[in-house]
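Contents: one structure, followed by commentary.
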Amino acid sequence: MRNLILFISSLLAVPAVLAEEEASPHSFTANVSISTDYRFRGISQTTNDPAVSGGIDYAYSGSNFPVGIFLGIWASNLDFGENTTFAADPVQDTADLEMDFYGGITGTLPIGNGVGWKIGGLYYAYPGSDTDGISGANPRADYDYVEAYGALSYDFGKFNVAAGLNYSPDYFFESDDAVYYYGDVGIPLPMDFGLFGHVGHQEIDNNLQFGTPDYTDWNVGVSKAWKIFTLKLSYVDTDLSETDCFGGTDFCDGTALFSITAAY
């Protein structure tokens, strides 16, 4: 999210009221992205196929308000590659869309050059799936779930770091309590290039229901900003074997990932 900063020359006699109107505390941004795969915490959500995603964000950062407020919605196509039949009991479970609704507050702690902090909540919705009312020996669980999260960040100048934690009281597919904690690092380079890295660990109370053991994911890559576009090339992987990955899939295997994002 971007905060709008208004610069007024001291040589111009601009009324204070006009300056306040131009320096609106409200900002809206939008983004759209095309990627070779949609990986969520290292696991493919599109059976290793391409994804198109996008979102809209709103932010409020008033000078008389101690914290910033943000709200947003993001969506992507998906494909879990599920078998649509369970013996004689057909399952019309064709989840093909994910929609995330999120919001929270953000601010800066007066430590060093300022430690950024953020807390909020997420609701993950899968409107393309039909998980209710399935009868027979293989009843289906609900995909939708919520998470609360918090994160800290700090910019050292030559590089920046962030760390955070997400908690869900009933994770995807009703797999009970889950905690995800992670760390990120970014290194700005000349000519609007950048290096980035991420490592995270997902703990799930009901591993059998979810389909994998607890696992670690990581990625490293390079980015390039050009006008409104950001290009990223990364390598994404987990420590899950194919046997541990939903009964024998390659959705958790390492892969190169390329994306192009336009932000407005």
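Of the numbered conditions (1) out of contact with any Phe, Trp or Tyr (no Cβ under 7 Å at 6 or more places or on another chain); (2) farther than 18 Å from Asn48 by Cβ, Gln202 fails exactly one; give the number of that condition.
Going through (1) out of contact with any Phe, Trp or Tyr (no Cβ under 7 Å at 6 or more places or on another chain); (2) farther than 18 Å from Asn48 by Cβ one by one, Gln202 breaks only (1).
To keep it simple, each residue is scored yes or no on (1) loosely packed, with under 14 Cβ neighbours inside 10 Å; (2) touching a residue at least 60 places away in the same chain (Cβ under 8 Å).
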residue: Asp177; (1), (2): yes, no
residue: Tyr182; (1), (2): no, no
residue: Met191; (1), (2): yes, no
residue: Phe196; (1), (2): no, no
residue: Val199; (1), (2): no, no
residue: Gln209; (1), (2): no, yes
residue: Pro213; (1), (2): no, no
residue: Trp218; (1), (2): no, yes
residue: Val222; (1), (2): no, no
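Just a yes or no: is a residue in region 158-170 at pLDDT 95 or above, outside any strand (DSSP E or B) and under 20 Å from Ile204 (Cβ atoms)?
Looking through region 158-170, at least one residue is at pLDDT 95 or above, outside any strand (DSSP E or B) and under 20 Å from Ile204 (Cβ atoms).
Condition first: in contact (Cβ under 8 Å) with a residue 60 or more places away in the chain and open to solvent by 50 Å² or more (accessible area, probe 1.4 Å). Can you find one or more residues in region 226-239 that meet it?
No, region 226-239 has no match at all.
For region 35-74, which positions are under 21 Å from Tyr126 (Cβ atoms), open to solvent by 30 Å² or more (accessible area, probe 1.4 Å), hydrophobic (A, V, I, L, M, F, W, C) and touching a residue at least 12 places away in the same chain (Cβ under 8 Å)?
Hits for region 35-74 are Val52, Ile56, Leu71, Ile73, Trp74.
For region 98-129, name all the residues that are open to solvent by 30 Å² or more (accessible area, probe 1.4 Å), within 24 Å of the chain's Cα centre (by Cα) and modelled with pLDDT under 95.
Correct list: Thr108, Leu109, Pro127.
The values are calculated or read from the model by the stated rules, or taken from the named source; none is laboratory data. If you're wondering where the values come from, they're calculated on a predicted model, not measured in any experiment. Reconstructed Cβ throughout: ideal geometry from the backbone, glycine too, with neighbour counts over all protein chains shown. Quick note on the areas: whole protein, heavy atoms, side chains included, nothing else; ligands and nucleic acids left out. Shrake-Rupley method; radii C 1.70, N 1.55, O 1.52, S 1.80 Å.
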